[in-house]
Every structure is written in C-alpha cells, then in structure tokens.
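This report refers to the structure that appears directly beneath it.
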Amino acid sequence: MPPAGKSIFFFTRYSFALPYAQSFLTYFIILFSIIHAMNKESSMKKWLINIILILSIALTGCSGYIDSKKAEEAYAKGNYDEAVKLFTKACDSGLYDECYNLGIMYDLGQGVQQNNQKSLEFFKKSCERGDKLGCKNYAELKALI
C-alpha cells in the first residue's frame with residue numbers, strides 16, 4: 001500500500017498519449033526529409049538510407065511503449081520483478097511515467113530492495129522530463145533524506 005500522499009495509479013495518468021505524439025512528430029520529420037531528399041534528385045543510395053532510418057526509428061520508438069504496457073500488466077498481476085525490468089527499459093527509452101513508476105517501486109520496495117536514493121533518481125528523471133507528480137515526489141523525498 002502506498003504511503004499517504006503517494007499514488008501508484010499510473011493507469012489513469014494518460015501515459016498512452018506521449019508515445020503517439022512523439023511518434024507522429026518523428027514520422028512527420030522523417031517523411032519531410034525523404035520528400036525533400038527525393039526532390040533534389042537524390043540517388044537511390046540516399047533513398048535507401050532514409051528508408052532504413054525510418055524503420056529503425058519506428059521500431060525503437062515502439063519498443064518503449066510496448067515495454068510500458070507489458071510492465072503495467074505485470075505490475076497489476078503482482079509480478080514486480082518483471083515489472084521493474086520492463087519499467088526500466090521503458091524509462092530508458094524516454095517514457096517519463098515509467099521513471100515515476102520505478103521511483104514508486106524503489107520507494108516501496110516492490111520487486112527491488114527499498115532504496116530512497118534510487119527512488120530519488122527516478123523521480124528526478126521523471127521531473128526532468130516534465131512530469132509534475134514526479135517533481136512533487138522528488139521534492140518531498142529530497143526534503144526527507
């Protein structure tokens with residue numbers, strides 16, 4: 001059970017919107033680059049490099065989101081060890097909600113040994129990426145340590 005004032009209800013935090021927005025912007029930029037390159041009578045080699053770039057970014061961008069959803073499912077089932085692994089991968093790929101979730105798990109000792117310093121690190125990462133709740137928990141925990 002989370003301590004008073006802390007929330008573990010990350011399902012309601014609309015984390016699904018961020019990856020879609022990032023993906024849309026990324027694809028738009030890549031598509032614009034390809035069209036621009038093709039208009040300049042680019043060689044077939046440049047065109048193939050752009051296609052490879054699109055595929056690599058698409059696969060990389062989706063993996064964090066997939067890990068995030070699998071992590072939420074593992075957490076809901078009480079499989080904290082698996083959730084920590086998947087949240088870590090998602091956090092490393094840039095999903096700030098998952099950094100926040102890792103901060104909570106380290107704070108509560110779920111699937112990991114309780115560690116306030118690690119919790120503080122993950123709340124800070126979440127805060128640096130624009131998560132207000134991560135900033136709030138970072139400030140509260142930092143005041144206690």
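The number of residues in region 118-135 that are surrounded by fewer than 16 Cβ atoms within 10 Å (Cβ to Cβ) and either in a helix (DSSP H, G or I) or touching a residue at least 40 places away in the same chain (Cβ under 8 Å) (or both) comes to 2.
Just so you know, in region 75-98 the residues that are of a type in the set (Ser, Thr, Tyr) and closer than 19 Å to Ser119 by Cβ include one that is nearest to the chain's Cα centre (by Cα), and it is Tyr96. The criterion of being surrounded by 13 or more Cβ atoms within 10 Å (Cβ to Cβ) and either outside any helix (DSSP H, G or I) or at pLDDT below 85 (or both) does not hold for Ala74.
The values are calculated or read from the model by the stated rules, or taken from the named source; none is laboratory data. What you see is a predicted model, and the numbers here were worked out from it, not measured in a lab. A quick note on method: Cβ atoms are made from the backbone with ideal geometry, for glycine too, and the neighbour counts reach across all protein chains shown.
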